Each structure stands twice: as structure tokens, then as C-alpha cells.
1. Every residue in the range 162-177 that is more than 9 Å from the ligand (Cβ to nearest atom), crowded, with 24+ Cβ neighbours inside 10 Å and in a loop (DSSP other than H, G, I, E, B), please.
2. Can you tell me which of Glu197, Glu262 is part of a helix (DSSP H, G or I), modelled with pLDDT of 95 or more and more than 25 Å from Lys11 (Cα to Cα)?
3. If the requirement is being surrounded by fewer than 14 Cβ atoms within 10 Å (Cβ to Cβ) and at negative phi, which of these qualifies: Arg140, Arg60?
4. Looking only at the range 71-86, which residues are out of contact with any Lys or Arg (no Cβ under 8 Å at 6 or more places or on another chain) and outside any helix (DSSP H, G or I)?
5. Touching a strand residue (DSSP E or B) at 6+ places or on another chain (Cβ under 9 Å) and under 22 Å from Arg25 (Cβ atoms), is that true of Leu61?
6. Specify which of the listed residues (Leu153, Leu124) is within 14 Å of the ligand (Cβ to nearest atom) and either modelled with pLDDT of 95 or more or within 30 Å of Met82 (Cα to Cα) (or both).
7. Any chance you could count how many residues in the range 30-62 are under 19 Å from Ile123 (Cα atoms) and among the β-branched types (Val, Ile, Thr)?
8. Answer yes or no: is there a residue in the range 144-154 that is touching a Ser or Thr at 6+ places or on another chain (Cβ under 6 Å), over 30 Å from Leu14 (Cα atoms) and outside any loop (DSSP other than H, G, I, E, B).
Amino acid sequence: MKRTLIVGNWKMNLNTHEASLLVKRLNDKIQVHRDVEVVLAPSLLTLQPISLEIDRRKFRLAAQNAYYKDEGAYTGEVSFTMLRDLVNYVIIGHSERRIYFEESLELIRDKVQAAVRNGITPILCVGETQNQRAAGETSRVVHDQVVTALSNLTAEEVEGIVIAYEPVWAISTFGGQVAKPDDMEKVLKLIRHQITELYGDKAAASVRLIYGGSVKGDTASGYLALEDCDGLLPGSASLNYHQFPDIVAAAYRQTRGAGDEEKSNG
Ligand code: PGA
């Protein structure tokens with residue numbers, strides 16, 4: 001069984017002291033659970049100190065971004081090579097990076113490839129804007145984002161990655177409309193279907209698909225109950241030491257429920 005993945009995207013929030021305080025509070029509230037993997041994505045600046053403070057049985061770390069070249073004259077950038085001993089995951093292609101920093105499909109493809117080359121699991125974010133959704137373009141947009149981003153990976157490499165479906169209109173930064181879980185399931189299914197077409201059944205079954213966009217403690221279970229949803233990527237709720245543990249607790253309940261069902265069926 002795949003472990004449910006809960007990734008807290010702290011974005012450009014919390015200085016070192018604040019980040020350390022939040023980790024302490026989360027540590028008090030979050031338990032180790034076999035079937036749930038909890039990942040924190042602090043700013044690049046706080047990754048190093050946080051890496052020394054976390055209980056590694058409870059938390060793993062993700063970077064929010066990195067540059068695709070391994071080293072060299074790229075002022076201001078940090079490479080995947082530099083992050084390889086520090087993080088297990090890296091968020092790539094988040095809509096804030098696509099929109100505010102004009103990251104292209106090709107740049108995101110190169111970053112995904114660089115992450116894999118350096119042994120870091122990419123969490124590839126895809127999703128359509130409100131206008132694209134209104135124009136009926138969701139499938140095309142998501143299809144293009146997925147196909148281009150993964151185009152330099154082998155089927156075996158695709159098996160190990162994470163794809164986060166985050167409709168732009170549902171992210172708190174861009175309006176934060178609450179997305180209906182059933183609508184989200186349609187797109188998650190579509191993504192899994194694309195992976196089957198491109199990389200085969202094994203890759204499609206192994207790749208983890210997670211949902212993000214204004215997820216809170218009380219909405220988490222609606223998404224986690226979806227057949228194709230393997231986890232969540234909360235942003236603003238991940239900065240709140242009540243909300244984030246509530247989301248993780250929803251994941252615990254979900255996996256425990258699934259375990260009981262298996263037991264009663266067997
Ligand atoms: P949000 O952010 O939960 O604040 O909408 C999610 C994200 O941007 O990853």
C-alpha cells in the first residue's frame with residue numbers, strides 16, 4: 001500500500017526562529033504513523049537549521065524550488081545537487097512560480113529531470129487557471145503540463161514521482177475557491193490515465209497523485225477519500241499548528257479506515 005503523503009508548503013513565510021517554533025509545536029501534536037508520510041517545505045534559508053531539529057521518524061523535508069544546473073555562474077540560485085543531502089522532495093512547477101516567475105513548461109521539465117538525476121523526488125504541480133477552466137481547457141492544459149514535465153524521464157523514474165493537482169483558482173493566493181472533491185477526482189483520474197498511456201500500468205499505479213488548493217482540517221477527508229488521491233499539499237493551513245495536525249489526523253483516520261476495511265473483507 002502507498003503511504004498517504006501530506007506536504008506542508010510554507011511558501012515565503014517564517015524566519016528561522018519562527019520556523020523552529022512551528023516545528024516544535026507540530027512535533028508535539030503529530031504522531032509517527034506507518035501509513036502517513038509528513039513532509040515540511042520551509043524556505044531555502046530555514047531548511048538547514050530545520051533539518052537538524054526535526055524528528056526524522058515524523059517529518060521529511062522538501063525544498064520549494066531549485067535550479068536545474070548542478071553548479072556554476074547562476075547568481076542567486078541553489079541547485080538540486082546542493083540540496084541532495086538535505087531534502088527528500090522538491091516542489092517543482094508550483095503555479096506561483098509559473099505565474100509570478102514565468103517558469104515555462106520546458107524549464108519545469110529540466111528541473112524535474114535535474115531533481116531525479118540528483119536523487120530527489122519531484123512533486124510536480126499542475127493545474128489550470130479560472131479562465132482556462134471556464135473555457136473548457138482543463139484537460140488540455142493539465143495534459144500539456146504533465147507530458148512536457150515528464151518527457152525526459154523513463155517509466156521507472158516516473159514510478160517514483162509525485163504529481164500534485166492544484167487548480168490555480170482553488171489556491172488561496174489566487175482566490176481560493178473551495179473545489180468539489182468529485183470534480184477533483186475527474187482530473188486526478190485523467191492524470192493517471194495519461195501516465196498509463198505514456199508510461200504503462202506499473203508507472204500509473206505507483207505514481208502518487210496528491211491534491212492541493214485551500215485544503216483545511218475540515219475539508220481534508222473529502223479529498224483523501226477519493227480513489228485517486230494519495231495525499232494533500234496544503235499551503236496556508238500548513239502554517240497553522242492546529243490546522244496542519246488536523247489534516248495529518250484526517251490522513252491517519254483515512255488509512256486506518258482503509259486498513260479496517262481490508263481486515264473485515266479478509
Ligand atoms: P493553499 O496553498 O492551501 O494556501 O491554497 C496550496 C499551495 O499553493 O500549494
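The values are calculated or read from the model by the stated rules, or taken from the named source; none is laboratory data. Since the model is a prediction, treat every value here as computed from it, not as a measurement. Glycine also receives a Cβ, built like all others from the backbone with ideal geometry; neighbour counts cover every protein chain displayed.
1. Pro167
2. Checking each option against the conditions leaves just Glu197.
3. None of the other options fit; the residue is Arg140.
4. Once the filter is applied, which keeps residues that are out of contact with any Lys or Arg (no Cβ under 8 Å at 6 or more places or on another chain) and outside any helix (DSSP H, G or I), the range 71-86 yields Glu71, Gly72, Ala73, Tyr74, Thr75, Gly76, Val78, Arg84, Asp85, Leu86.
5. In short, yes.
6. Unique residue meeting the criteria: Leu124.
7. The number of residues fulfilling the criteria is 3.
8. no
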